[in-house]
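The values are calculated or read from the model by the stated rules, or taken from the named source; none is laboratory data. A quick note: this is a predicted structure, and the numbers were derived from the prediction, not measured. Every residue, glycine as well, gets a Cβ built from its backbone with ideal geometry; the counts of neighbours run over all protein chains shown.
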Amino acid sequence: MKEMPYAMTIGGKRVFTDASDAAINPATEKPICNFPLATRAHLDEAVEAARVAFPQWRDRPLAERQALVTRLGDLVEENKEAFIRLLITEQGKGRAGAEWEIGGSIYWLREVAKQSLPAEVVVDKGDEQIVTRHTPIGVVAGITPWNFPLLLAVWKIAPALVAGNTMVLKPSPFTPLCTLWFGELAQSVLPPGVLNILSGGNELGQWMTEHPHIGKVAFTGSTATGRKVMASAAANLKRLTLELGGNDPAIVLPDVDPKKIAKDLFWASFSNSAQFCVACKRLYIHEDIYDAVAKELVEYAKTVKVGNGLTEGVELGPIQNRMQFEKVSNLLKDCKDRGQRFLLGGDIADAPGYFIPVSLVDNPPEDSRVVVEEAFGPVLPLLKFKDIDDVVKRANNTPYGLAASVWSKDVQKAEAIASRLETGTVWINQVHVFSPDIAFGGHKQSGVGIENSLHGLAEYCNTQTLMRKPLAA
């Protein structure tokens, strides 16, 4: 892994601070190292560096910006193994999950670097022309979460820079290390001030959303925090992209083979220890096959190894931080207090690390906390249904609308159900399919705006219409 210490990057320079905090390994609860905490003055300095860098970066030919973003992907690949081990250590995920995230970061940087937004010629009559084009916003801010710290940073960095913006980005204080290191490496490729990385707590995020010289905020995190971001961004009408929480339903029709589908349903629900905005969080199973699916899920879950991601064979790691561990623990306690039955799990071992066992709750009431709330941990309610209209109504009965999935041998029937679900993404007989070319965003209180695809690239632009005609002779 990277030699310590970790530094912030401001204006192309490594910056240390008087104040610091410790990054914690969630599998051991032991400190990894300290990282710097930015002050408001550091933010002002970073924003000013980005403002100074903006005109030249904006005016640099698109092909050159694309080539430099591609080179960022090469930097990650050149340090791939070190990034994987660092990600496992600070985030807690198993090796396969870390390989997926670091590999995805490389792929996203390279693929987004191929994207561009052509101008739209509305009228072309010789000397008279009307053209609508996309122009960069200026200085944009990125605020990223702890579940996929580097990949979700790249989802913001790549389109922002390709579009011609400069950026100030803040990683989660729970997982700052991969992003800080990426920021340091990036300075060998990018001009000073184009990408600035600041680490700090919640107050830094608040300062960023209020800052008068930041023109856009791209935020991934909870819906509660997203509301605060939107409120403070109103001060200067910042552009916003908000990718927020979800309470994603999966609907399993009675024609599936329980044994064949169990593995897919398990990973739909528990990938990254269910610390995944689009994890299945409510599993609706037709009553005719409920018992069979539940049995196969339990049997498959028993084959999955939970532990420290640096240990060979571990597929699921701990909850990433103590705050979230306590929230999930409280949710388990609520299930027990309400007399709800666990098909698996439910009991937390008294041992080091923020480990929550895979826990399956047997058909709890629709209004119970484990159904209504986003657990963001490996606790899954299994819910019976009989009628399609009823299950669609139940699936939509939430303030969230991020993603959903439908599982059936009858693809046309599944698609008819999918078309009625109030979510930004619906998968049929698959789950967690993402691409730089596939638009991703939430409905209702799961977000505002789009990430990925040309729709996502356009989120980092203003739209400008140029109209010209010759002067009369």
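A few notes on this one:
- Checking region 426-434 against the condition returns a match, with at least one residue being β-branched (Val, Ile, Thr) and outside any loop (DSSP other than H, G, I, E, B).
- Of the residues examined, Thr144 is not one that is surrounded by fewer than 24 Cβ atoms within 10 Å (Cβ to Cβ), of a type in the set (Val, Ile, Thr) and assigned by TED's automatic domain parsing to the domain that holds Ala46.
- Residue pairs whose Cβ atoms lie under 8 Å apart, sitting 6 or more positions apart in sequence or on different chains, and linking a residue in region 228-247 that is without any contact (Cβ under 8 Å) to a residue 40 or more places away in the chain and over 29 Å from Ala268 (Cβ atoms) to a partner that is among the β-branched types (Val, Ile, Thr) and outside any helix (DSSP H, G or I), are Ala233/Val217; Lys238/Ile214; Lys238/Val217.
- Residue satisfying all of: in region 312-333; surrounded by 14 or more Cβ atoms within 10 Å (Cβ to Cβ) and over 22 Å from the mean Cα position of the chain (by Cα); farthest from Val379 (Cα to Cα) among these: Val314
- If the condition is being touching a helix residue (DSSP H, G or I) at 6+ places or on another chain (Cβ under 7 Å), closer than 13 Å to Pro36 by Cβ and in a loop (DSSP other than H, G, I, E, B), then region 180-200 contributes Leu198, Ser199.
Residue-by-condition table, conditions (1) more than 20 Å from Leu169 (Cβ to Cβ); (2) among the charged types (D, E, K, R); (3) in the same structural domain as Ile319 (by TED's automatic domain parsing); (4) touching a strand residue (DSSP E or B) at 6+ places or on another chain (Cβ under 9 Å):
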position	(1), (2), (3), (4)
Ala19	no, no, no, yes
Ala23	no, no, no, yes
Pro26	yes, no, no, no
Phe35	no, no, no, yes
Arg51	no, yes, no, yes
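- Scanning region 9-54 for residues that are polar (S, T, N, Q) and more than 19 Å from Glu203 (Cβ to Cβ) gives Thr9, Asn25, Thr28.
- Counting only residues that are surrounded by fewer than 17 Cβ atoms within 10 Å (Cβ to Cβ) and within 21 Å of Glu287 (Cβ to Cβ), region 369-395 holds 7 of them.
- Criterion: closer than 30 Å to Glu315 by Cα and not hydroxyl-bearing (Ser, Thr, Tyr) - qualifying residue of Ala19, Ala53, Ala23: Ala23
- Lone unmet requirement of (1) within 26 Å of Ile24 (Cα to Cα); (2) surrounded by fewer than 24 Cβ atoms within 10 Å (Cβ to Cβ) for His213: (1)
- Filter result for Lys114 (at pLDDT 95 or above, among the basic types (Lys, Arg) and assigned by TED's automatic domain parsing to the domain that holds Arg14): yes
- Filtered by the rule that a residue be over 25 Å from Gln275 (Cβ atoms) and without any contact (Cβ under 8 Å) to a residue 60 or more places away in the chain, region 419-473 gives Ser419, Arg420, His455, Leu471, Ala472, Ala473.
- Candidate set: region 456-473, residues that are under 17 Å from the mean Cα position of the chain (by Cα) and part of a helix (DSSP H, G or I); chosen: the one surrounded by the most Cβ atoms within 10 Å (Cβ to Cβ): Gly456
- Total residues in region 141-179 satisfying the condition of being of a type in the set (Val, Ile, Thr) and assigned to a loop (DSSP other than H, G, I, E, B): the figure is 2.
- Residues of region 347-355 include at least one that is buried (at least 21 other Cβ atoms within 10 Å of the Cβ) and touching a strand residue (DSSP E or B) at 6+ places or on another chain (Cβ under 8 Å).
- The set of residues in region 31-66 that are over 21 Å from Gly138 (Cβ atoms) and either among the polar types (S, T, N, Q) or surrounded by 15 or more Cβ atoms within 10 Å (Cβ to Cβ) (or both) comprises Ile32, Cys33, Asn34, Phe35, Pro36, Leu37, Thr39.
- Screening region 158-204 for residues that are within 30 Å of Met323 (Cα to Cα) and among the polar types (S, T, N, Q) and picking the one that is modelled with the lowest pLDDT gives Asn202.
- Failed item in (1) in the same structural domain as Glu366 (by TED's automatic domain parsing); (2) under 21 Å from the mean Cα position of the chain (by Cα); (3) more than 13 Å from Leu380 (Cβ to Cβ), with Ala233 passing the rest: (1)
- Enumeration of residues in region 420-442 that are surrounded by fewer than 20 Cβ atoms within 10 Å (Cβ to Cβ), of a type outside the set (A, V, I, L, M, F, W, C) and closer than 24 Å to Ile285 by Cβ: Arg420, Glu422, Asn429, Gln430, His432
- Within region 207-218, residues that are aromatic (Phe, Trp, Tyr) reach partners that are crowded, with 20+ Cβ neighbours inside 10 Å and modelled with pLDDT of 95 or more with beta carbons closer than 6 Å, at six or more positions or on different chains, in the pairs Trp207/Leu43.
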